[in-house]
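Could you have a look at this structure, given as structure tokens, before my questions?
The values are calculated or read from the model by the stated rules, or taken from the named source; none is laboratory data. Predicted model, so just to flag it, every value in this text is computed and none were measured. A quick note on method: Cβ atoms are made from the backbone with ideal geometry, for glycine too, and the neighbour counts reach across all protein chains shown.
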């Protein structure tokens, strides 16, 4: 029920995902009347057998404060969906709704693993693939807004969790971990960042490669990039804004004159390839790492393809049993 479009996006995305994966089953939690309006009357019987609906008329708006949600929204679609994850009825939960409420409910219902102070929002961003001409890789950034201020110990925890993610999802044995900073020199950065650099260097479970500046996010220098939520959210939103600006300016240039339209026509195949490689929908979906369950946040304005990507992320992390691997890593640290 969440996001800018609600069932208008989530229901078609679920149907598409069910059609492409015969092993997938989905429980839709929300207002049945609204959900039914986006289900085809001639829905395939096999797909229908893998689709259930849990009806509730209560939902969480983008203006609801987390504290209000915890006190008064026990019958909301978001609460019920996460509770089903807690009970083991489902293996993953995806929502495009209120991020603050999703974080609060995730911590309250699912809890974090022992040794994890706070969950972190983590998502992949496209990067240059080292050693490949034009190849596109991925770097997993965290935290992207869940924790505004972070201690050095929490930054270390983020690095450990994201390294486990990359090891299992990307199948990279020793993920390169970078620390986002205002410079590459040891003297640069705040006190907690400097302390975190020491902790990351000394930890035997991490392949720490040092500080990375903002202009190095997309260079492919790291597989994991760690920062506090304030810094990470600004970096991500600034990057999204710059990409949107460039796309709009290119479109304007190609439409502004006859010569531009001719050049645009010849460049169309390359532009389509560029757009497909860097389409935000391909990278939609952010994980709440550290929770005792797979909880994925879709961007609120994601379209059908974007929500499909979030569903795919949740499914993959559930199949890889990512929360269990994170728990195992932190259990090893306390032995």
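Can you give me the ranges of the strands (runs of 3 or more DSSP E) entirely in segment 19-114 with at least 3 residues that are without any contact (Cβ under 8 Å) to a residue 40 or more places away in the chain?
Answer list for segment 19-114: 51-55.
Then there's this: Given (1) in contact with a helix residue (DSSP H, G or I) (Cβ under 7 Å, 6 or more places away or on another chain); (2) under 21 Å from residue 298 (Cβ atoms); (3) surrounded by fewer than 19 Cβ atoms within 10 Å (Cβ to Cβ), identify the lone condition not met by residue 92.
Unmet for residue 92, out of (1) in contact with a helix residue (DSSP H, G or I) (Cβ under 7 Å, 6 or more places away or on another chain); (2) under 21 Å from residue 298 (Cβ atoms); (3) surrounded by fewer than 19 Cβ atoms within 10 Å (Cβ to Cβ): (3).
Do we have any residue at all in segment 194-213 that's out of contact with any helix residue (DSSP H, G or I) (no Cβ under 9 Å at 6 or more places or on another chain) and surrounded by 21 or more Cβ atoms within 10 Å (Cβ to Cβ)?
Among the residues of segment 194-213, at least one is out of contact with any helix residue (DSSP H, G or I) (no Cβ under 9 Å at 6 or more places or on another chain) and surrounded by 21 or more Cβ atoms within 10 Å (Cβ to Cβ), which makes the answer yes.
Here's another thing I want to ask about it. What about residue 27, is it at negative phi and at pLDDT below 95?
Taking the combined requirement at face value, the residue does not satisfy it.
If you take the residues of segment 214-230 that are buried (at least 19 other Cβ atoms within 10 Å of the Cβ) and over 16 Å from the mean Cα position of the chain (by Cα), which of them is farthest from residue 152 (Cα to Cα)?
Here the answer is 220.
In addition: Looking at (1) more than 20 Å from residue 317 (Cα to Cα); (2) out of contact with any strand residue (DSSP E or B) (no Cβ under 9 Å at 6 or more places or on another chain); (3) surrounded by fewer than 24 Cβ atoms within 10 Å (Cβ to Cβ); (4) touching a residue at least 40 places away in the same chain (Cβ under 8 Å), which one does residue 136 not meet, given that it meets all the others?
Of the numbered conditions (1) more than 20 Å from residue 317 (Cα to Cα); (2) out of contact with any strand residue (DSSP E or B) (no Cβ under 9 Å at 6 or more places or on another chain); (3) surrounded by fewer than 24 Cβ atoms within 10 Å (Cβ to Cβ); (4) touching a residue at least 40 places away in the same chain (Cβ under 8 Å), the odd one out for residue 136 is (2).
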